[in-house]
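Asker: Take a look at the following structure, please.
Every number here is computed from the coordinates shown, using simple stated rules; none is lab data. Just so it is clear, the model here is predicted, and its values are computed rather than measured. Don't worry about glycine lacking a Cβ; one is built from the backbone with ideal geometry, like all the others, and counts go over all protein chains shown.
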Amino acid sequence: MLFDSHAHLDDEKFDSDRVFCIENLKNEGVSLYINVGADMKSSENSIKLAEKYDFIYAAVGVHPHDSENMTEADLITLEKMLAHKKVVALGEIGLDFYYDNSPRDIQRYWFKKQLELAKKTDMPVIVHCRDAIGECIEIIKESGIKKGVMHCFSGSPESAEILLNLGWYISFSGSVTFKNAKNLQKAAEIVPIEKMFIETDSPYLSPEPVRGKRNNPANVKYVAQKIAEIKNMAFDDVAKITKENAKRFFNIEE
């Protein structure tokens, strides 16, 4: 059975069939998944989903896209959320210099503040990073955070090596299946399977062969298949090891 370590089933794209998608996951071979917050509202929604389903866990945090709207009061609220028994990480947080939906200085400020909160509460962190890997790594180093995962990794093998040396995990999404993702596939080659998660980032980044359609956690099997191909491993071994990695990292007992 598979563990989708990062999805957003609270997204409006699932409004018409959310319950079906969730209740069909075990039939599709997905026994655990984490619904990840991207702002204060989606963090609340992630907790509500986790409360409703025993196999769903939640992460809470403010994505760089929404950091311009973040306040000091939100940090206090997030700290309270992190104490919830079904909340297993702070995230997704980070930097996004591709879209620049929030000014970069504000992104940096709230990324650092949320890392400080993770350290204070001793919670793992889930980091989003796009077109800012150098700065992300430097901020992570400065924070002293040792328990983190770079979600939906899109960097180079060299960047992956730096993160691994910091003790971090690397999570691969459907983008590793893309035909033009040769550099990313090289990164997957060098990341030890014991330091790897798999995810869908649903409803985004649908993998081959369903690229172009709305993604959902059932499609994490295609990521596992690609990792198995890259690492010359059995599919079942990839599924089992990545699941155990994520359970250990997020302190989940099944």
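Asker: Of LYS182/LYS240; LYS147/LYS243; LYS41/LYS113; LYS48/LYS112; LYS86/LYS231, which sit over 23 Å apart, Cα to Cα?
Answerer: Checking Cα-Cα distances, LYS182/LYS240; LYS48/LYS112; LYS86/LYS231 exceed 23 Å.
Asker: Mean projection of the alpha-carbon convex hull of the chain over all orientations, in nm²?
Answerer: Spelled out: convex hull of the Cα atoms, projected over all directions, averaged, 12.0 nm².
Asker: Follow-up. List the residues, sorted by chain then number, that are 5 or more residues from PHE197 or on another chain and whose placed amide H is less than 5 Å from its amide H.
Answerer: Amide H neighbours of PHE197, under 5 Å, 5+ apart: ILE170, SER171, PHE172.
Asker: If a/c stays under 1.5 just call it rounded; otherwise compare a/b with b/c (prolate if a/b is bigger, oblate if not). Do that for region 103-146, with a ≥ b ≥ c from the square roots of the Cα gyration tensor eigenvalues.
Answerer: Prolate, since a/c reaches 1.5 and a/b exceeds b/c.
Asker: Right, here's the next one. Where a Cα-Cα gap under 14 Å defines reach, which aspartates and glutamates qualify for LYS119, not counting those fewer than 8 residues away within the same chain?
Answerer: Result set, ordered by chain and number: GLU79, GLU142.
Asker: Here's something else I'd like to know. What FRET efficiency, computed as 1/(1 + (r/R0)^6) with R0 = 30 Å and r the Cβ-Cβ distance, is obtained for ASN101 and THR77, rounded to the nearest 0.05?
Answerer: Working from the Cβ atoms, E equals 0.90.
Asker: Could the peptides 78-88, 165-175 be put in order, highest first, of the mean number of other beta-carbon atoms found within 10 Å of their residues?
Answerer: The peptides rank, most packed first, as 165-175, 78-88.
Asker: Normalised by the number of residues in region 2-249, what is the relative contact order in percent for Cα pairs under 8 Å and 6+ residues apart?
Answerer: RCO, region 2-249: 18 percent.
Asker: Output the peptides 9-18, 32-41 sorted from most to least packed, where packing is the average of other Cβ atoms within 10 Å over each peptide's residues.
Answerer: The most tightly packed comes first, giving 32-41, 9-18.
Asker: I've got another one for you. Could you pull out which residues in region 228-254 have an amide N less than 16 Å from a spot 7 Å beyond the Cα of ASP122, following the Cα-Cβ vector?
Answerer: Residues 249-252 fall inside that zone.
Asker: On a C-alpha basis, how far is the centre of region 135-187 from the centre of region 22-50 in Å? Whole number, if you could?
Answerer: Answer, in whole Å: 23.
Asker: Testing the spin-label approximation: label points 7 Å from Cα along Cα→Cβ at GLU194 and GLU28. State their distance in nm.
Answerer: 3.2
Asker: Would you tally the net charge around GLY61, using a Cβ to Cβ cut-off of less than 9 Å, leaving GLY61 out, and scoring K and R as +1, D and E as -1?
Answerer: -2
Asker: Considering only ALA160, ALA181, ALA239, give the residue with the highest GNM mean-square fluctuation for the chain, with springs between Cα atoms whenever their separation is below 10 Å.
Answerer: The residue with the greatest mean-square fluctuation here is ALA181.
Asker: Related question: Specify whether the C-alpha gyration tensor of region 44-150 places it in the rounded, prolate or oblate class, a ≥ b ≥ c being the square roots of the eigenvalues: rounded for a/c under 1.5, otherwise prolate if a/b is larger than b/c and oblate if not.
Answerer: prolate
Asker: Quick one: which residues, 5 or more positions from GLY148 or on another chain, have an amide H under 5 Å from its amide H? H modelled 1.01 Å from N in the peptide plane, none for Pro or chain starts.
Answerer: Answer set, sorted by chain and number: VAL125, TYR169.
Asker: Could you give me the ³J(HN,Hα) list for region 56-69, computed from phi with Karplus coefficients 6.51, -1.76, 1.60 and θ = phi - 60°, whole Hz, x at Gly and Pro?
Answerer: 9, 10, 10, 10, 10, x, 10, 5, x, 4, 9, 5, 4, 9
Asker: A further question on this structure: Rounded to whole Å, give me the distance from the Cα center of region 192-254 to that of region 86-102.
Answerer: Between the Cα centres of region 192-254 and region 86-102 lies a distance of 20 Å.
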